[in-house]
1. Please report the projected area of region 4-72's Cα convex hull averaged over all directions, in nm².
2. For region 79-120, which trypsin sites (Lys or Arg not before Pro) are both in a DSSP coil and crowded by at most 12 other Cβ atoms within 10 Å?
3. Angle between the Cα long axis of helix 159-171 and the longest principal axis of the chain, 0 to 90 degrees, nearest 10?
4. Could you work out the helix-only [θ] at 222 nm for the chain, with each DSSP H run of four or more residues adding -39,500 (n - 2.57) and the total divided by the number of residues, to the nearest 500 deg cm²/dmol?
5. So what are the chain's ellipsoid semi-axes, whole angstrom, largest first, if each one is the square root of 5 times an eigenvalue of the alpha-carbon gyration tensor?
6. Could you work out the mean projected area of the convex hull around the alpha carbons of region 64-132, in square nanometres to one decimal?
7. I'd like to compare 15-21, 130-136, 100-106: which one has the highest average count of other Cβ atoms within 10 Å, and what's the full order after that?
8. From the phi of every residue in region 148-154, what ³J(HN,Hα) in whole Hz does the Karplus formula 6.51 cos²θ - 1.76 cosθ + 1.60 yield, where θ is phi - 60° and glycine or proline is x?
Amino acid sequence: MEKILQLEARRRVFEAVRDNPGIHMRGLERVTGMPMGTLRYQLRYLEKHGLIVERKEGRMVTYYPSEGKNIVDAQDKRYLAILRQEIPRLIVLHLMMNPNSTHGDLKPHFKISPSTLSYHLKKLTDSGILIKEDGRYRVRDEERVAKVLITYRQTFVDAMVDAFVRFWEGRK
């Protein structure tokens, strides 16, 4: 592994994935400041040599370290892939603090069209993060989702996550 990471660009990409499990291509581009072509090449090289793994969820591709302290299990990978996206993350955070909200309850809190909100709610429900019962939404496994948000909060550049962590920890 040491020999593979001698190249500074490759080491930067690996460290970005290690420090931000579940990061997507655009996130890596922002964190590393590398051109997309260089980034793709280094990601393929690191994956070929077993240092990182790629996970595809629909059109979203996310990257994880394959060994070390930041190993992410399959369930957390599924959650992280979705929670790395801003609108789904904000919806989940809102529902963690306001369970059993309806589409109408949620709409005033998001500056998106009703159809876009419906799309994200369906995506979150289909992924198993949310449950819809009698037109009301809630997070299926609050403890697990909270653990993922708390564990990886430094990798979310989002004041809402910090506010949620304070709220969640205050409940205990």
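1. Result: a mean projected hull area of 4.2 nm².
2. Working: sites: 84, 89, 111; in loops: 84, 111.
Passing both the DSSP loop test and the Cβ count: 111.
3. Tilt relative to the chain: about 60 degrees.
4. Details: 9 runs with 95 residues, N = 172.
Helices in the chain give a 222 nm mean residue ellipticity of -16500 deg cm²/dmol.
5. For the chain, the ellipsoid semi-axes come out as 32, 16, 14 Å.
6. 5.1
7. On the way: 15-21: 20.0, 130-136: 12.9, 100-106: 14.6.
Output ranking for 15-21, 130-136, 100-106: 15-21, 100-106, 130-136.
8. 5, 4, 6, 4, 10, 4, 5
Computed from the coordinates by the stated procedures, all read-outs in this text should not be read as laboratory data. These figures come from a predicted structure and were not determined experimentally. A quick note on method: Cβ atoms are made from the backbone with ideal geometry, for glycine too, and the neighbour counts reach across all protein chains shown.
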